[in-house]
1. Give the calculated FRET efficiency between residue A:61 and residue A:124 to the nearest 0.05, with a Förster radius of 35 Å applied to their Cβ-Cβ distance.
2. May I ask for the net charge around residue A:442, where only other residues with Cβ less than 9 Å from the Cβ of residue A:442 are counted and Lys, Arg are +1 while Asp, Glu are -1?
3. Taking θ = phi - 60°, what integer Hz values does the Karplus form 6.51 cos²θ - 1.76 cosθ + 1.60 yield along region B:92-107, in sequence order, with x for Gly and Pro?
4. Could you name the lysines whose alpha carbon sits less than 18 Å from that of residue B:452, not counting residues in the same chain fewer than 8 places away?
5. Say each of residue B:389 and residue B:258 gets a label point 7 Å from the Cα, pointing the same way as Cα to Cβ; how far apart are those two points in nm?
6. For residue A:427, what residues show an amide H to amide H distance below 5 Å, using hydrogens built from the backbone and excluding near sequence neighbours?
7. With each label point set 7 Å from Cα along the Cα-Cβ vector, what nm distance links residue B:8 and residue B:380?
8. Do any of A:74/A:108; A:335/A:382; B:130/B:417; B:387/B:416; A:147/A:175; B:97/B:307 go past 21 Å between their Cα atoms, and which?
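What follows is calculated from the coordinates using simple rules that are stated; it is not laboratory data. Computed from a prediction, not measured in an experiment: that's the story for all the values here. In this analysis, Cβ positions are derived from the backbone assuming ideal geometry, glycine residues included, and neighbour counts consider all displayed protein chains.
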Amino acid sequence: MLCLPRSFQYSQKNAVLVPAAALGVGGMVVCWLMSRRKAKRLEVGDGWWGSGERSLREKEDESIRPFKIETSDKEIEDLHHRLDRARYAPPLEGAAFHYGFNSDYLQKVVAYWRNQFDWRKQVEILNKYPHFHTTIEGIDIHFIHVKPPYVPHGRAVQPILMVHGWPGSFYEFYKIIPLLTEPARYGLGDGDVVFEVICPSIPGYGFSEAPHQKGFDTRATARIFHKLMKRLGFKEYYIQGGDWGSGITTNMGIKGAHPFSSFKKLIQVMLGAYVPWLVGFTREDVRRMYPFMQKNVYDILRETGYLHIQATKPDTAGCGLNDSPVGLAAYILEKFSTWTDKSFLHRDDGGLERKYSLDDLLTNVMIYWVTSSIASSMRYYKENLSRDPALSDNTRFGVYVPAGIAAFPEEITHVPCCWAKMIFKNIVSYSYMPRGGHFAAFEEPKLLAQDIIHFVRRVEQL
Amino acid sequence: MLLEILLILGTIIFYFLRSRKKEETLSFKEGWWGRGQKPDTEEDATIWPFKVETTEKDLSDLYRRLDEARFTEPLEDSCFHYGTNSVYLRKVVSYWKNQFNWKKQVEILNKYPQFKTKIQGIDIHFVHVKPPCLPEGQSAKPLLMVHGWPGSFYEFYKIIPLLTDPASHGLSDEHIFEVICPSIPGYGFSEAPHKKGFNSVSAASVFYELMLRLGFSEFYAQGGDWGWLICTNLAQIAPNHLRGLHLNLASVTNMGFTHLLSILLGRYLPGLFGFQEEDVRRMFPFLKKGLYRILSESGYAHIQATKPDTVGCGLNDSPVGLAAYILEKFSTWTDLEFRNLEDGGLERKFNLDDLLTNIMIYWVSGCIVSSMRFYKENLQKGIGTQKHEKLPVQVPTGIASFPNEVMHTPQAWAQKKYTNIVSFHLMPKGGHFAALEEPELLAEDILQFVGKVEKEQLWRKKGE
């Protein structure tokens, strides 16, 4: 499955922050964080994702170009027409969200989208942070780059690269960015740790160009983001990954591990409920993981249909969603419901508005809509998950850079610290978060920011 | 790795020992699938004629959506490996807009008499075709044919004349049929259930009631895809009414220890497990032809069995999305090699008019979501967990095993479930949509099967 430890020449001090201890889908970023394995020193490598053949004569344009998101009357009218003529199928009686997104509630969301949601206003909000484009390996990479408005004299500013997942976007970080660039203002410490934040869009997502060639996986993404940071002048930086980030590294560890460790895990699972202390589980681990079959097998099977179809037929799955904004909203918002709190399945409205505002949710959906990126975002699953497992078994590795894990309670599945240690050899902090689900940055920005700052404090003092 | 295998084996042995097959029958499933509460009055059992209709409004709405469709460029050289190729899809959409004549197709649909009748609270649509002429002394045998997903009653339009009028098509007229093709509730012109829980046993019960209502106390049943399961359940509910069961798909969902053993060793000791040479050719290497194939082709089933309303939503709103989703199956399930073709090989075996007519049935009836719910109702508890999966079928069964089905079931496995297999043929060519793709081959197999059953029945009656 993944890419991991590449020992690049420079950046030895990249720290990994793995927020959701989730076996969330996909995987990315974190993997390419450096590893301190002395055994191998792999080449950075290169790639080409533009159309056709790469021109060997032309040198790649390395300029960083400012970018502003724009919209037009035409775009908004087209959207409104599609919303107006949407066709719905009535839900089964008493279905709530058990069959997927409830179409009665969907009609309410669409009514808001049509009549109250103001895309022009949201575009202004999106543009409040500086956006840029730069061409790397043949495709335009979009990112926002937010510097702290004020830095006390002599204070170091930590660069942090924050990478979104699916079906999210750079927009998920809009609430947490100020907490990291101006922590003192939000009561998060006395400004001893201050960040400048870089949030790119994964190629194929949002305003980053989609790769034109097959094979664009997390390894390639990692390399591109590393080149981005280098181009921005950063030799050392922190990295924070959600969704794609944590999932893959955990899976990588499991896959590449010695078979004995899978057996060991099985024993731990079987005994863990009864004698947790014997197998290294905490009481909180037990609370989150059991009943095991229910929480880990059935729940995962129930929630991974999208992963299965996206990892095999992304162009089919994405086709209708790129043509029907209502279909796109249902597909994406279902995740914001179920992955935030499993009990939301029982609610007719999927509990969406308990934790998020419709404006925020729809802005994220609009990013997929206006960029027509849903199909390319789904291809990422196929590029990463449908490889011959025999190939990935060769990439055994561990992550030796300092790692911090924030385990949110409503993640689909819980990974206890002792399992995480199998991959992350240098866990500096592991926190059981009191509340929150998969979209941590979106849902609980303050909690997540606190954990990031706490983690970075520890690393800086090391 | 070895440890894992041993553990899995151990679990299977344990499970096998625990679950003994009990001789039980499957009961008819009462239900009420209409809106709200079931009324106290007796159900209206009338059968009324039905015609497919279309309006200018329907057509102009469709054309507008086709005109405004948004496509995503495929990756270079991806053919059909990532799903339906949008470059080819654009060609299909262009045909759809400019050449496909829905009004003409509606006339074709209406050439066979169609009806509706209310059963268990919902309107059931069906086609009922009687033979145009019957030789003296012969009576038509009723044959129920059940479609699957993403098909419809329309899949049978080419095979119907071969069964109602075999002589005109160069086939033996020893047996002539009157054919009944219903639409599964939630598909096409059958009303979708409003309540949760409508599964294959419910559908079998509804179709059983339909046949009784039409006055048939004995009949044949034929099915593939979901039709396979519904007809199997019918054979389990009403074995005395079913003279014979013919299937062009025979999946085995109740896997046991012997199945696992035959997968591990069947390639080397085929005789021991009752495998023929062709079985070995179709099934092995098992990882490639069994496991990986299922994994790579069952994403749709996984998401439909868990979140049908989500995945169906966009498809009910975008005809192009709907076409991409459905056409992908007509490509891959007809021949897996078609994934390597830029056009998915679709027009090699089907014509666009037929493919689009099937899609239009889903579009104009708005049934894609309800059609997908059938997966959840049947699969949500997992495969191999339902009662009917553990029960055998004793009705005389004929199986036509087509080579390009996604997964092959050898006779050795099928006969554990279908204990009275009268004929089992490895067909020379064809895939999942047998009735549409190879109607002559399938009709011939049905005819020879019925021939055998009738001989046997006659023989039995003489012996009494």
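1. About 0.75, to the nearest 0.05.
2. -2
3. Going residue by residue, I get 4, 5, 5, 4, 4, 6, 9, 10, 4, 10, 5, 4, 5, 5, 4, 4 Hz, with x marking Gly and Pro.
4. B:141, B:461, B:462
5. 1.9
6. A:403
7. 2.9
8. Correct reply: A:74/A:108; B:130/B:417; B:97/B:307.
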